[in-house]
Amino acid sequence: MHNTTLRHCTLGVLLAAALPLHAAPMGFKGAWMAMADAGPNWRELYVNYAFTPRDAVGASATWMRADDHGITREVDELTYTRLLKRWNMRHAQANVWFMGGVGALRGDGPTRPMATPGVQLDYETTRVYLAATHRLYRASGVNHDFSSARAGFSFYETGYDQTQPWLVVEARRMHGLSERTDVTPMLRLINKRYFIEAGVNNMRQARFNFMYIF
């Protein structure tokens, strides 16, 4: 009985330590988070600071381009992230997040104010990860709404100080920039405060992402 309880407690500690690295768009209270997503048609750098366990403010810079290279735009914005709801289960966690920002849109016309409200839902254990995101990118005469879905699994369990490999597949689409759905299988390596992931999508384009909490 003692060994079973110990295993459950250990799993709980590992779960609490690992989960924020998979799906959360912010870190723990007092933490800074930096994230980047790099590809041929979409590049984003995002930094925020968690001033409560549920709230973070930050800034992001995004560069986006249409598949045919006919449209190129940049967005610089101030951001706000809020944990709306969390369900803590025995060996899993689920969350609902608000993510949004206000800033300036440049390219293909005059600079315009842009708003980017969105919602993310996620569920994960130490072995399974699911997430769905929908975010509006709206300015005067512009609609680049963004939708994505992710699913992944880890190859095996690891200890708290070890690096864990995952396979993650993401499907995403952005209105007004692409008529195709971007599907990317990625290898993710995750540790206590960071992850890196890399893959090639169905259009033979390379992608590289990272996240670090400090």
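With every protein chain kept in place and ligands, DNA and RNA left out, what is the accessible area per residue of the chain? Probe 1.4 Å, answer in Å². It would help to have the intermediate numbers written out before the result.
Numbers: 10740 Å² over 214 residues.
Solvent-accessible surface per residue comes out at 50 Å².
When only C-alpha pairs under 8 Å and at least 6 residues apart count, what is the relative contact order of the chain, in percent?
Working: 554 pairs, mean separation 34.0, N = 214.
The normalised contact order for the chain reaches 16 percent.
Compute a Gaussian network model of the chain, connecting alpha carbons closer than 10 Å, and tell me which residue from 41, 88, 191 fluctuates the most.
88
Using only helices, what value at 222 nm comes out for the chain when you add -39,500 (n - 2.57) per DSSP H run of length 4 or more and divide by the total residues, to the nearest 500 deg cm²/dmol? If you can, show how the numbers build up before the last one.
Values: 1 runs with 21 residues, N = 214.
Computed mean residue ellipticity for the chain: -3500 deg cm²/dmol.
Probe radius 1.4 Å, ligands and nucleic acids ignored: give me the carbon and sulfur share of the accessible area of the chain as a rounded percent. Can you show the working numbers first?
Working: 6800 of 10740 Å².
It is 63 percent, rounded to a whole number.
Per residue, how big is the convex hull of the range 87-202 when only Cα atoms are used? Give it in Å³. All intermediate terms of the calculation are to be shown ahead of the outcome.
Details: hull volume 14.2 nm³, N = 116.
Considering the Cα atoms of the range 87-202, their hull volume per residue is 122 Å³.
Between the helical axis of 2-22 and the dominant principal axis of the chain, each derived from Cα atoms, what acute angle in degrees is found, rounded to the nearest 10?
Here the helix axis deviates by roughly 10 degrees.
Give me the base-10 log of I(q)/I(0) for the range 64-110 at each q in 0.22 Å⁻¹, Debye formula, one uniform scatterer per Cα, rounded to two decimals.
With one equal scatterer per Cα and no solvent, log10 I(q)/I(0) is -0.81.
Quick check: residue separation of residue 198 and residue 32 times 0.36 nm, minus the Cα distance between them. What number comes out in nm?
On the way: separation 166, 0.36 × 166 = 59.76 nm, distance 2.28 nm.
Result for the pair: 57.5 nm of gain on full extension.
So which chymotrypsin sites (Phe, Trp or Tyr not before Pro) in the range 43-98 end up in coil per DSSP with only 14 or fewer other C-beta atoms within 10 Å? The partial results should precede the final answer.
Working: sites: 46, 49, 51, 63, 80, 87, 97, 98; in loops: 51.
Loop-located and lightly packed - 51.
The values are calculated or read from the model by the stated rules, or taken from the named source; none is laboratory data. Keep in mind that what you see is a predicted model, and the values were worked out from it rather than measured. Every residue, glycine as well, gets a Cβ built from its backbone with ideal geometry; the counts of neighbours run over all protein chains shown. Side chains included, ligands, DNA and RNA excluded: accessible areas come from the protein's heavy atoms. Shrake-Rupley method; radii C 1.70, N 1.55, O 1.52, S 1.80 Å.
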